[in-house]
Structure formats: structure tokens, C-alpha cells
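Novice: Attaching a single structure in C-alpha cells format; questions to follow.
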């Protein structure tokens with residue numbers, strides 16, 4: 001019985017597949033981003049979509065614009081998606097870091113690619 005269980009487990013492991021995200025070179029990070037900012041997360045609000053995908057909107061207080069332009073660079077809203085095909089990192093209030101963004105719907109932004117948020121240790125970006 002034990003041999004049969006092991007054989008089935010090995011067979012399942014051999015046929016299982018997963019999505020692999022290749023690490024990006026440092027020179028590639030800003031390539032697709034239309035806006036790169038340093039800032040911290042002020043709020044995160046969960047949004048229910050019609051297709052029942054789990055989404056949230058994070059409001060980021062911008063402390064510095066590294067690339068791109070904004071007419072009002074004080075805050076940006078980032079659309080966060082989590083599903084089988086979207087791997088956006090969930091953000092929490094007080095998270096801070098560098099955000100590589102592209103323009104989305106309704107004046108919002110979203111991650112330029114999976115893993116587009118380089119978060120700092122807690123307390124690195126000082127709140128005004």
C-alpha cells in the first residue's frame with residue numbers, strides 16, 4: 001500500500017506544473033513603468049468586481065517621483081489584483097518602498113509587472 005501511495009505521489013508531482021516568473025535584471029525594472037515613485041501606503045480598500053476577482057485599491061503618499069510625471073504628485077491610487085493570472089503583491093498601510101507603475105483605468109495605476117513593488121523595512125520612509 002505504501003509503495004502504491006508513493007508511486008501515485010511521484011506521478012502527480014511529475015505531471016504538476018506551475019507558473020514561473022523569471023527574475024528581472026536591474027536595468028529592466030524601469031523599462032515598462034510610466035511612473036516610478038517612492039512613497040508609503042496610506043490606505044487599502046477592498047473592491048468587489050463583477051467577475052468576482054479579488055481586487056483592492058491602495059492609496060500611496062508620494063514622497064519622491066523618480067521617473068514620469070504627475071500633475072498632482074502628492075498621492076497615487078494603485079489597483080491591486082490577485083487571481084490565477086495576476087500576482088500583485090498585497091500592500092498594507094504603512095508599507096513603504098519604490099513603486100514601478102503603469103497607467104490603469106479611472107486615473108489609477110497598477111503594477112508595471114509582477115513584483116513591481118520594492119518594499120523597504122518598516123520605518124525607512126518617514127511620514128510628514
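Novice: Taking the condition surrounded by 17 or more Cβ atoms within 10 Å (Cβ to Cβ) and either modelled with pLDDT of 80 or more or over 15 Å from the mean Cα position of the chain (by Cα) (or both), does residue 8 pass? I'd like the intermediate steps shown before the answer.
Specialist: Details: surrounded by 17 or more Cβ atoms within 10 Å (Cβ to Cβ): no; either modelled with pLDDT of 80 or more or over 15 Å from the mean Cα position of the chain (by Cα) (or both): yes.
Taking the combined requirement at face value, the residue does not satisfy it.
Novice: With more than 15 Å from the chain's Cα centre (by Cα), at pLDDT 85 or above and closer than 22 Å to residue 124 by Cβ as the only criterion, which of 74, 96 stands out? Talk me through it step by step, then tell me what you get.
Specialist: Values: 96 fails: more than 15 Å from the chain's Cα centre (by Cα).
Criteria check complete, one pass: 74.
Novice: Can you go through 37, 41 and tell me which one is at pLDDT 80 or above, closer than 14 Å to residue 100 by Cβ and not in a loop (DSSP other than H, G, I, E, B)? Full working, then the answer.
Specialist: On the way: 41 fails: closer than 14 Å to residue 100 by Cβ.
37 is the lone residue from the list that is at pLDDT 80 or above, closer than 14 Å to residue 100 by Cβ and not in a loop (DSSP other than H, G, I, E, B).
Novice: Taking segment 105-128 as the search range and keeping residues that are over 9 Å from the mean Cα position of the chain (by Cα) and within 17 Å of residue 46 (Cα to Cα), which one is modelled with the highest pLDDT?
Specialist: 109
Novice: Being farther than 19 Å from residue 34 by Cβ and at pLDDT below 75 is the filter here, so list the residues in segment 48-71 that pass it.
Specialist: Once the filter is applied, which keeps residues that are farther than 19 Å from residue 34 by Cβ and at pLDDT below 75, segment 48-71 yields 48, 49, 50, 51, 52, 53, 54.
The values are calculated or read from the model by the stated rules, or taken from the named source; none is laboratory data. A quick note: this is a predicted structure, and the numbers were derived from the prediction, not measured. Neighbour counts run over all protein chains shown; Cβ positions are idealised from the backbone, glycine included.
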